[in-house]
Amino acid sequence: MPLILDLEGVSTSDHALVGGKASKLGELVREGLPVPPGFVVTTDSYQAFLDETPLHVELEAALETLELERPESVDTVSRKIRDAFEANEFPEALREEILRAFREYSRENDVQFSAVRSSATAEDLEGASFAGLQETYLNITGEDALLQAIRKCWGSLFTPRVLVYRARKGFDHRAVRLAVLVQKMVDSSVSGILFTRDPNTGENHMIVEAGWGLGEAIVGGEVTPDHYVVDGVTQRIVHKQLSNQAWRIVRDASGGNRREDVPPAERERQKLSDERIGRLVSLARVIESHYRRPMDIEWCQEDGQLYIVQARPVTTIPPGAAAVGAPMTTSAPDPAAATASARMPPATASHDRPALVRGFGASPGIAGGKVRRLLRAAETEQLKSGEILVTSMTTPDMVPAMTRAAAIVTDEGGMTCHAAIVSRELGVPCIVGTRTATQVLQEGMEITVDGKLGTVTAGLPEKAPMASAASPPAGHGMSSAEMHHLSSPVTATRIYVNVGVPEKAAEYAQLPVAGVGLLRIEFIFTAHIREHPLALIKQGRGPELVNRLADGIAQVCQAFHPRPVIIRTSDFKTNEYRGMPGGAEFEPSEENPMIGWRGCSRYISPVYRPAFLLELEAIQKVRTEKGLKNAHVMLPFVRNTWELEQIAEMFKEKGLRRGRDFKLYLMAEVPSIALLAREFSAHCDGFSIGSNDLTQLVLGADRDSETLGHMGYFDERDPAVLRAIELLLEGAHSAGRTVGICGQGPSVYPEFAEFLVRKGIDSISLNADTVLATTRTIAALEQRMKLDGLRS
């Protein structure tokens, strides 16, 4: 049983072993996103702790006495279980395994303080986020403190609020297991949360909230953060609401946390600069693109570096809301108006009654009832079903009371605080950040709460309390042509775009794609260099070649940053290179250049090796000097594994090594790759099918032959070609490698696209003009597959 796993080695396929939080962060590490390093104490460790101590008996006995309808029973059972977790000592073998991993991680990452975070198998799920319910312990130092924090995390599976929430969501208390994520602690100067879609309405704009210091005060709703709204299509900041933050949580010199006053001059300052908001939005686009669904992201910043510390699906998008990529329902205001109030409602509430208080509409719906003011979690039993909960902020301990409330109103908090997230999941109207609700709304007062507008008015609603409809679906009122141009549904298959020339990168970067699946470096040669590379080297102009290549590559990488850009190294044939200025001296005449001296065979030949090394030098320059780590490499026309071994040494010579932030892909064009996919997998991170060359070589049909083309010989839908693709997918996936395709086949032939999707293709890279239409085709195919599965 794997008791410990490195964070960078886990993915969503390990959910049962590492829990929701760790599995998603591991995926983001693999994507090259900035995630603090760490390791996971797996659910097998949790199970070993139960099985090898008296705890399993104590746990079962306590749960047998649980009566969820009686709060005192829930409290008693919870206390017994948590005390038992903390009282039992670690089995020796488990203890040593955890401490070995902790010492190694601390040494390799220069760790002084750690965050010890729960990661349950039932958390960060669609429909159940478990937001803030299980415990996290910050600024942990020393081995004894680590072990104690792990035990407390495990025990937090059974706090009263978790027992109630889990039962409401239909999870078996005995089946849920908890992993623990240990990460390097980030000493945040600014932190916050980002929704890639409006969690209230589902509209296509991003909600960013930011506050000074560590993130606990924001997530807990103890402070009202800055609130920024970013247009999902143009990526412009269209609204800002700056808060007055009087205090923040910071790391204490002793290693704990403490509250400190924010200097008066900083309290109303914008917490996150426009440039940093733009960078954060770019990271969020990558995360949403990776998971193919709206995401709720926790982030922080230390010394100017942004880090992602959690990512989970938004669990509250209203049914019928627009798909990812749909446009906003309102037009973007003039940039000069960007500091206007963000979603703050007008002074007059519905029914022409004046608003008593107003704040952020955090969970839609209209409800009426009597005010019940609760200033402490200990008072929650006073709340009767159907009353309006009014408090300064909610805490996880208030969840049982929140399930009884008709609506919730708080003084503090933003769209991403605990009250907002849980209210949306419970379907309870909620308004946060009113600042004065606990002062203005008196005990027993009858009020109406409008969770969409963010207003509280005197008196009960005209109709019986019920959730009102959310705003019209995004795109309502737009022309079909506009919708066709802008909308893009969610797909499980990742969609990339092919880029020919760097000048188009900025335009193509606006498309709803995961990145660039194919950037042909030879197009930069023809558009920007226009001379044979060996001729330039002979003239002593090698540095010029490197700089021009690097500039062209960087232009694309910058436009798409941080989304990945896969650069296919040069694949000129001899007849093409020979026609370039200076090419005749170096290029032989070949009868069939299509299967001649091209691709990898060029790179390992003594004649062309110096030119290929300059290509690698240009890519490394982009990654190091220009800091664009989203540049990755793909090798064309690979025939054998032994040529890859030689090329790997050339990569090392130029400082390029496969790892978490640098991936190497192979074009699958030669049938040998399909036949020996497992063997080739040892040399790469994934494959991209070049369907034109694969078709020509499987069928022996020259792709340039008009005669064969007219006769129907050249067709990627041929059963033999499809079988070759199947072999590649089977072999690559069995080795844990991805498979994509770049080309026009999926956009030209819907049945070919359906074949690829049904066989589990991981990604499809398309020409820009076919991205939106083909994405909709693929989304429809995936939906049909889902329905077919339900029927069967």
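Points to keep in mind about this one:
- When each of G19, G26, G9 is tested for being surrounded by 24 or more Cβ atoms within 10 Å (Cβ to Cβ), of a type in the set (G, A, S) and on the phi < 0 side of the Ramachandran plot, the lone residue that passes is G26.
- Total residues in region 689-712, condition at pLDDT 80 or above, surrounded by 14 or more Cβ atoms within 10 Å (Cβ to Cβ) and not in a helix (DSSP H, G or I): 4
- Region 382-410 residues that are among the acidic types (D, E), paired with ones that are part of a helix (DSSP H, G or I) and at pLDDT below 90 (beta carbon under 6 Å, 6 or more apart): D397/R161; D397/A377
- Residue match in region 267-288 (condition: modelled with pLDDT under 90, farther than 20 Å from F360 by Cα, in contact with a Pro (Cβ under 7 Å, 6 or more places away or on another chain) and surrounded by fewer than 20 Cβ atoms within 10 Å (Cβ to Cβ)): yes
- Residues (in contact with a strand residue (DSSP E or B) (Cβ under 8 Å, 6 or more places away or on another chain) and part of a loop (DSSP other than H, G, I, E, B)) located in region 229-271: G232, R236, L242, S243, Q245, A246, D252, G255, G256, V262, Q270, K271
- Among the residues of region 67-94, those identified as touching an Asp or Glu at 6+ places or on another chain (Cβ under 8 Å) and either in contact (Cβ under 8 Å) with a residue 24 or more places away in the chain or open to solvent by 20 Å² or more (accessible area, probe 1.4 Å) (or both) are P71, V74, K80, I81, A84, P91, L94.
- Counting only residues that are touching a Pro at 6+ places or on another chain (Cβ under 7 Å) and not in a loop (DSSP other than H, G, I, E, B), region 615-671 holds 2 of them.
- Selection within region 351-381: residues that are open to solvent by 90 Å² or more (accessible area, probe 1.4 Å) and touching a strand residue (DSSP E or B) at 6+ places or on another chain (Cβ under 7 Å). The member of this set that is nearest to Q442 (Cα to Cα) is K370.
- Residue list for region 29-62, filter: among the charged types (D, E, K, R) and either open to solvent by 30 Å² or more (accessible area, probe 1.4 Å) or farther than 21 Å from L147 by Cβ (or both): R30, E31, D51, E52, E58, E60
- Just one of the listed residues (E590, E679) is open to solvent by 40 Å² or more (accessible area, probe 1.4 Å) and in contact with a Gly (Cβ under 6 Å, 6 or more places away or on another chain), namely E590.
- Scan region 408-458 for residues that are polar (S, T, N, Q), open to solvent by 10 Å² or more (accessible area, probe 1.4 Å) and part of a helix (DSSP H, G or I) and the total you get is 2.
- Residue in region 564-579 that is over 30 Å from A284 (Cβ atoms), among the acidic types (D, E), open to solvent by less than 20 Å² (accessible area, probe 1.4 Å) and not in a helix (DSSP H, G or I) present: yes
- Condition broken by V556, with the remaining ones in (1) in a loop (DSSP other than H, G, I, E, B); (2) open to solvent by less than 10 Å² (accessible area, probe 1.4 Å); (3) farther than 22 Å from V739 by Cβ; (4) in contact (Cβ under 8 Å) with a residue 40 or more places away in the chain satisfied: (1)
- Any hit, region 504-511, residues being open to solvent by less than 20 Å² (accessible area, probe 1.4 Å) and within 18 Å of E615 (Cβ to Cβ): no
- You will find that of M466, M478, the residue that is open to solvent by 50 Å² or more (accessible area, probe 1.4 Å), touching a Leu at 6+ places or on another chain (Cβ under 9 Å) and either of a type outside the set (G, A, S) or at pLDDT 75 or above (or both) is M478 and no other.
- Residue list for region 565-599, restricted to those being of a type in the set (S, T, Y) and at pLDDT 90 or above: T569, S570
- Residue within region 742-756 that is part of a helix (DSSP H, G or I), buried (at least 16 other Cβ atoms within 10 Å of the Cβ), under 29 Å from the mean Cα position of the chain (by Cα) and aliphatic (A, V, I, L, M) present: yes
- Restricting region 639-660 to residues that are surrounded by fewer than 17 Cβ atoms within 10 Å (Cβ to Cβ) and under 31 Å from the mean Cα position of the chain (by Cα), the residue that is nearest to G515 (Cα to Cα): R660
- Selected residue (criterion: farthest from G700 (Cα to Cα)) from residues of region 725-741 that are hydrophobic (A, V, I, L, M, F, W, C) and open to solvent by 10 Å² or more (accessible area, probe 1.4 Å): A735
- Residue in region 242-256 that is over 25 Å from G38 (Cα atoms), modelled with pLDDT under 90, buried (at least 21 other Cβ atoms within 10 Å of the Cβ) and not basic (K, R) present: yes
- Close pairs (9 angstrom Cβ cut-off, 6 or more residues apart or separate chains): under 20 Å from G361 (Cα atoms) in region 238-264, in a strand (DSSP E or B) and open to solvent by 50 Å² or more (accessible area, probe 1.4 Å) anywhere: none
- For region 522-542, a residue qualifies if it is surrounded by fewer than 17 Cβ atoms within 10 Å (Cβ to Cβ), under 25 Å from L628 (Cα atoms) and either without any contact (Cβ under 8 Å) to a residue 24 or more places away in the chain or among the β-branched types (V, I, T) (or both), and the qualifying residues are F523, T526, R541.
- Out of L545, L549, L519, sole residue that is surrounded by 20 or more Cβ atoms within 10 Å (Cβ to Cβ), under 29 Å from the mean Cα position of the chain (by Cα) and closer than 18 Å to I619 by Cα: L519
- Going through (1) open to solvent by 40 Å² or more (accessible area, probe 1.4 Å); (2) in contact (Cβ under 8 Å) with a residue 60 or more places away in the chain; (3) farther than 21 Å from G515 by Cα one by one, K626 falls short only on (3).
- A Cβ distance below 7 Å, combined with a sequence gap of six or more or placement on separate chains, defines the contacts here; from region 298-312, residues that are open to solvent by 40 Å² or more (accessible area, probe 1.4 Å) reach residues that are in a strand (DSSP E or B) in the pairs Y307/W299; Y307/C300.
- Selection from region 10-36 of residues that are within 27 Å of F85 (Cβ to Cβ) and either out of contact with any helix residue (DSSP H, G or I) (no Cβ under 6 Å at 6 or more places or on another chain) or assigned to a loop (DSSP other than H, G, I, E, B) (or both): V10, A16, V18, G19, G20, K21, A22, K24, L25, P36
- Residue match in region 174-186 (condition: over 30 Å from E104 (Cα atoms), of a type in the set (A, V, I, L, M) and part of a loop (DSSP other than H, G, I, E, B)): yes
- For E782, the test of being under 20 Å from H290 (Cβ atoms) and surrounded by 16 or more Cβ atoms within 10 Å (Cβ to Cβ) is passed.
The values are calculated or read from the model by the stated rules, or taken from the named source; none is laboratory data. Given the structure is predicted, the values throughout are model-derived calculations rather than measurements. Ideal geometry is used to build each Cβ from the backbone, glycine not excepted, and the neighbour counts take in all protein chains shown. Please note that ligands, DNA and RNA were not included when accessible areas were found on the heavy atoms of the full protein model with its side chains. Shrake-Rupley method; radii C 1.70, N 1.55, O 1.52, S 1.80 Å.
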